[in-house]
Amino acid sequence: MSNALSELLETRDWLLADGATGTNLFNMGLSSGDAPEFWNRDEPEKIRNLYRGSVDAGSDLFLTNSFGANASRLKLHDAADQAFEFSKLSAELGREVADASGRKIIVAGSVGPTGEIMGAAGTLAHETAVEMFEETAAGLKAGGADVLWVETISAPEEFKAAAEAFANVDMPWCGTMSFDTAGRTMMGLTSTDMVSMVTALPNQPVAFGANCGVGASDLLRTVLGFSAETPSSALIAKGNAGIPRYEHGHIHYDGTPELMADYATLARDSGATIIGGCCGTMPVHLKAMREALETRPKGARPDLAEIEARIGGFSSATDGTGDTSQEPKRARRSRRRS
């Protein structure tokens, strides 16, 4: 399938994605517990400024403010029937900013997890999940998104449901999972497991990879796992800007622009093609990442010792691939991309 993202990838060795949504919106005045998607309707200029922050910092791609725009999450705010509307608005605002930028910018429609549990341990049926994802995807398509982008997924069942929904609306897509439990997703997948799952999908993504998780070092270890299994695939790396710390009533990430610049080049050298940031990543980080990617020559594939020396240690001894246990990890509250 020919699409804007695939065409751009054919001409570039790497693309810079965006940073955090939540962090930047909180800095604009969003209150904890509020649904950011409401700002697509109520504070559209702030959402345009969110997008412009990434574009002005050098991003080639940004995600829309629609992470929680599904019926399950919006139900918590008495807005379950507005998933299509909020998704469409987020993409329309993104289209405005991208088209006014003067260069080729990809508008990626963010699709977050439902917040419910699928599979034998859960209550969310596959058909219902597909229906919810399809509603969000249809809104993003109607609003002018170039590509759909499911992110921060932990369960293979949910990833597969999203892929099916995207096929139903006939849109190209990308997908990332969050590896935050000793190298595995919360539901137990390793990087190897994800490659096996993705390559077996009837509706193949343009690119896939990892976002969020623990810290940038852990995410790079996961990317190394992806590229070892499928070196020719377009891979995504969107790591957090350091480690979160609770200070003076707020969460702050300790990753400096210099650290994120190192992370970006290490991600490229590890095999990632689309490189961005997740929680805590602001325009100042993206500018440093862009400069590093443009000015530092591509290096050899890093080993774990180099990653640890340059951007910090790992949260676990292994990436999960050496652990044969298939027991699901303890579930915890689904996180918003912040």
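Within the range 16-42, residues that are assigned to a strand (DSSP E or B) sit with their Cβ atoms under 7 Å from residues that are hydrophobic (A, V, I, L, M, F, W, C), at 6+ positions apart or across chains, in these pairs: LEU16/ILE275; LEU16/LEU286; LEU16/MET289; LEU16/LEU293. On the stretch given as the range 196-207, residues that are under 21 Å from LEU15 (Cα atoms) and open to solvent by 10 Å² or more (accessible area, probe 1.4 Å) total 3. Within the range 296-309, if we keep just the residues that are open to solvent by 90 Å² or more (accessible area, probe 1.4 Å) and touching a helix residue (DSSP H, G or I) at 6+ places or on another chain (Cβ under 8 Å), the residue that is nearest to ASP218 (Cα to Cα) turns out to be GLU308. Would you tally the residues in the range 245-282 being crowded, with 19+ Cβ neighbours inside 10 Å and either modelled with pLDDT under 95 or under 22 Å from ALA108 (Cβ atoms) (or both)? Matching residues across the range 245-282 total 20. Going by the structure shown, is ASN168 surrounded by fewer than 19 Cβ atoms within 10 Å (Cβ to Cβ) and not acidic (Asp, Glu)? Spelling it out, ASN168 is indeed surrounded by fewer than 19 Cβ atoms within 10 Å (Cβ to Cβ) and not acidic (Asp, Glu). Taking the condition under 28 Å from ASN168 (Cβ atoms), within 16 Å of the chain's Cα centre (by Cα) and surrounded by 20 or more Cβ atoms within 10 Å (Cβ to Cβ), does GLY213 pass? When the stated conditions are applied, GLY213 does not pass them.
PHE133 meets the stated requirement of being farther than 19 Å from LEU220 by Cβ and in contact (Cβ under 8 Å) with a residue 24 or more places away in the chain.
Cβ-Cβ contacts under 7 Å between residues 6 or more apart (or on different chains), taken from a first residue in the range 44-63 that is among the basic types (Lys, Arg) to a second residue that is part of a loop (DSSP other than H, G, I, E, B) and open to solvent by 10 Å² or more (accessible area, probe 1.4 Å), are listed as LYS46/MET28. Restrict the check to the range 216-237 and report whether at least one residue is more than 18 Å from MET194 (Cα to Cα) and either surrounded by fewer than 21 Cβ atoms within 10 Å (Cβ to Cβ) or of a type outside the set (Lys, Arg) (or both). Yes, the range 216-237 contains a residue that is more than 18 Å from MET194 (Cα to Cα) and either surrounded by fewer than 21 Cβ atoms within 10 Å (Cβ to Cβ) or of a type outside the set (Lys, Arg) (or both). Just checking, does the range 283-295 include any residue being open to solvent by 20 Å² or more (accessible area, probe 1.4 Å), assigned to a loop (DSSP other than H, G, I, E, B), farther than 18 Å from GLY183 by Cα and of a type in the set (D, E, K, R)? For the range 283-295, residues open to solvent by 20 Å² or more (accessible area, probe 1.4 Å), assigned to a loop (DSSP other than H, G, I, E, B), farther than 18 Å from GLY183 by Cα and of a type in the set (D, E, K, R): absent. The residues on offer are ASP269, ASP218, and the sole one that is of a type in the set (Asp, Glu), outside any strand (DSSP E or B) and under 20 Å from THR318 (Cα atoms) is ASP218.
The values are calculated or read from the model by the stated rules, or taken from the named source; none is laboratory data. Owing to the predicted nature of the structure, the values given are computational and were not obtained by experimental measurement. Ideal geometry is used to build each Cβ from the backbone, glycine not excepted, and the neighbour counts take in all protein chains shown. When the accessible area is computed, the model is the full protein with side chains, heavy atoms only, and any ligands, DNA or RNA have been set aside. Shrake-Rupley method; radii C 1.70, N 1.55, O 1.52, S 1.80 Å.
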